[in-house]
Structure formats: structure tokens, C-alpha cells
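The values are calculated or read from the model by the stated rules, or taken from the named source; none is laboratory data. For clarity, every value in this text was computed on a predicted model and none was experimentally measured. In this analysis, Cβ positions are derived from the backbone assuming ideal geometry, glycine residues included, and neighbour counts consider all displayed protein chains. Just so you know, the surface numbers come from the protein's heavy atoms only, side chains and all, with ligands and any DNA or RNA stripped out. Shrake-Rupley method; radii C 1.70, N 1.55, O 1.52, S 1.80 Å.
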Amino acid sequence: MELDEQLLVEEYKSCRELILKNIDIMEKNEVYAIGACAAIFVFSLQTSDHLVSKITAWLPLLIAALGWLRFYGLDDVIDKINGRLIELEAAHPSLGWTTYYRANNKPKVLKLTRNLFWFALGAATFGGAIYLTVRCQ
């Protein structure tokens, strides 16, 4: 294998590793967001200061919104990396994982479920914030 081919294979491997790292970050963000929202809601329910309870009740919605934006950004990076992988696969037919995956993953279920996760978290935190705001009047 000549040097150019070795470099392309290494770039291909590096891009795939970067995609996996970004997916890992997405999964961790989901877990951390749920934990943070739960902890803040517990604090809001237990505090005796109504003003503090009202203010902190809205923080989980902010966490959900920022988490979704982070997911959106990471997903955009993954799409760009996938584009580069497809270019490499077009130039080197022996490589083909990304092209195969995209051809057989038309509904993009994982992306849909991640968007639904952030929507559901946002809806739940909005409902919780409304409840805590009304409860503390």
C-alpha cells in the first residue's frame, strides 16, 4: 500500500472515530440533562422560598433547550464528517461502510428519536415549571 492510500485509510478511520465520539457526547448529554433537570425540580419542590422555587422551576427548560441545540450542533458535525467519508468511499471502492449505512438508513430513526427525546424533555420541563409556578402562588 502506498503512502497516499495509507493516509486516506487513516483519515477514514479518524473520521469514523470522531463520529463515534460525537455520538458518545450526545448520549452523555441526554443522561446529564435528565439528571440535572430532576435535581433542580427536587430542589424547587423542597425549597420553602417561593421566589427561589419559581425561578429554579424554569431552569430545566433552559437545560432542555440548550441540550437540544447541542445535539443539533453535534448532528451537523456528524453530517459533515459523513460527507467526507462518502467522498473517500467514492474515490476508493474498497471502503463503503458510510455509503452502505446511508443507503439502508433512510428513515433516520436514531435522529428522530433523539429529537423526540429533547422535545419530550422540553415539554416535561415546561409542564413542571408551570406546575411549580402556579403551586407557589
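Data overview
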{"read-out": "Within region 89-115, considering residues that are modelled with pLDDT under 85, surrounded by 11 or more Cβ atoms within 10 Å (Cβ to Cβ) and hydrophobic (A, V, I, L, M, F, W, C), the one nearest to the chain's Cα centre (by Cα)", "value": "Trp97"}
{"read-out": "Condition broken by Asn29, with the remaining ones in (1) surrounded by fewer than 14 Cβ atoms within 10 Å (Cβ to Cβ); (2) more than 21 Å from Glu89 (Cα to Cα) satisfied", "value": "(1)"}
{"read-out": "Matching residues, region 94-118, being under 14 Å from Met26 (Cα atoms) and either of a type in the set (D, E, K, R) or out of contact with any Gly (no Cβ under 8 Å at 6 or more places or on another chain) (or both)", "value": "Leu110, Lys111, Leu112, Thr113, Arg114, Asn115, Leu116, Phe117"}
{"read-out": "Counted residues, region 64-82 - those being of a type in the set (Lys, Arg) and open to solvent by less than 80 Å² (accessible area, probe 1.4 Å)", "value": "0"}
{"read-out": "Helices (runs of 4 or more DSSP H) lying entirely in region 25-128 (those with 1 or more residues that are under 30 Å from Gln6 (Cα atoms))", "value": "59-91, 97-103"}
{"read-out": "Leu61, sole failed condition from (1) open to solvent by less than 70 Å² (accessible area, probe 1.4 Å); (2) under 30 Å from Gly127 (Cβ atoms); (3) out of contact with any Ser or Thr (no Cβ under 7 Å at 6 or more places or on another chain)", "value": "(3)"}
{"read-out": "Residue within region 47-65 that is in contact with a Pro (Cβ under 7 Å, 6 or more places away or on another chain) and without any contact (Cβ under 8 Å) to a residue 60 or more places away in the chain present", "value": "no"}
